[in-house]
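Read through the structure below, which is laid out as structure tokens, and then see the notes.
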Amino acid sequence: MRRFIIFIIFITVITIITPGIAAQQVSLSLSPPLIQAVIKPGKAILIAYSLENSGDPTILTVKVVSFEPKDNYGNIHLKDQAEGPVRFSLDNANLTLNQPFFLKTKESQQLLLRIRVPEGAPEGDYYYSLLAETTPSIGQEGTTSTQAKATIAANILVTVSQTGMVEIKPKIVLFQVLSKLKWKIFDSFSQIPLVLMVENQGKNLIVPEGKIQLRGLFGTKADYEVVQKNILSQSQRLVEATPSAEFSKQPASLVLSGFFLGPYKLSANVNFGENSPTIFASTSFFAFPFKLLAALILTVVIIIFFSKKIY
């Protein structure tokens with residue numbers, strides 16, 4: 001009984017001295033999500049962003065950091081600060097970068113971001129993200145918010161060029177079907193994944209256009225449009241073609257499905273806009289209904305075996 005009373009007192013004390021904990025919902029949107037701009041040295045542009053809070057009231061801080069490609073699939077790595085010659089500031093009368101401000105529920109805040117390239121800035125591409133980060137705060141009546149730090153980003157791709165011209169130096173570094181075997185041989189009913197990897201050897205971002213073409217026996221042919229996505233300077237990226245790549249279980253540009261028989265040839269024709277170079281690559285594979293043939297042979301063997309048993 002004594003232990004029970006001590007336990008009750010302990011729970012009561014903990015309840016009194018421990019502040020309440022309130023979970024905070026965070027729902028932010030920032031638009032436009034992507035800006036691409038060509039700016040001459042000594043010039044500046046002004047971009048109007050809209051930051052909206054659909055969650056609980058929160059404290060936000062806006063800043064700009066650099067980013068770089070993380071892998072060959074379009075993912076990026078954010079750095080701790082803005083690097084390079086490009087300068088950023090807010091033209092809002094009551095807001096500055098890296099300074100917290102309060103945003104109520106269902107309230108929007110316009111952010112007037114000035115992007116300036118100083119005289120003498122080296123030509124090339126510079127990649128940044130405009131970040132809006134939440135700051136955990138003390139809730140009402142002394143309760144402590146359990147709000148985790150949340151961040152929303154909008155990417156900014158700046159090309160510094162005196163003439164407005166960009167350098168386009170693409171190269172296909174990989175174009176082949178992915179086979180578990182040493183030879184490019186598949187069962188007729190198998191899905192056939194294809195990989196197209198493009199490297200951007202220039203100092204400006206490029207956007208691929210074009211087709212992947214399939215040609216086979218008996219006039220079989222199909223065209224698959226290349227999905228237009230940015231390939232950042234000095235990086236490689238997997239180039240996808242509609243519509244099957246997004247549903248593939250493994251990274252692939254295209255996944256062919258259906259019934260295939262005999263030899264097939266695949267070719268890639270990729271360009272990067274008007275008056276840009278076109279790059280080519282080709283590969284091939286062979287398909288045969290091995291599983292169906294094996295099933296037929298097994299069926300015949302079983303029929304012959306039981307026929308001999310009966311007669």
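Its Cα centre serving as origin, the range 39-195 has a Cβ charge dipole (Lys and Arg +1, Asp and Glu -1) of approximately 500 debye. Look at the dipole of the range 25-160 built from charges on Cβ: of GLN25, LEU131, ASN75, the Cα furthest out on the positive end belongs to LEU131.
Rounded to two decimals, what is the ratio between the C-alpha radius of gyration of the chain and 2.2 N^0.38 Å?
Details: Rg = 29.6 Å, N = 311, 2.2 N^0.38 = 19.5 Å.
This ratio for the chain stands at 1.52.
Each peptide in 192-198, 265-271, 170-176 receives the mean, over its residues, of other Cβ atoms within 10 Å, and ordering these scores from highest gives 192-198, 265-271, 170-176.
Explain nothing, just the number: relative contact order of the range 156-311, from Cα pairs under 8 Å at least 6 residues apart, as a whole percent. Relative contact order comes out at 26 percent.
Of all the options GLU133, GLU68, GLU274, the one that moves most in a Gaussian network model of the chain with Cα springs shorter than 10 angstrom is GLU274. Of the residues THR58, THR105, THR278, the one that moves most in a GNM of the chain with alpha-carbon contacts below 10 Å is THR105.
If you average 1/r over every pair of different alpha-carbon atoms in the range 170-293 and take one over that average, what Kirkwood value in Å do you get? Evaluated over the range 170-293, this radius sits at 15.1 Å. Cα-based values for the range 25-160, radius of gyration first and Dmax second, are 16.2, 55 Å.
We did not get these values from a lab; they are worked out from the coordinates using the rules stated. Just so you know, these numbers come straight off a predicted model, no measurement behind them. Positions of Cβ are generated from backbone atoms using ideal geometry, with glycine treated the same way; all protein chains shown enter the neighbour counts.
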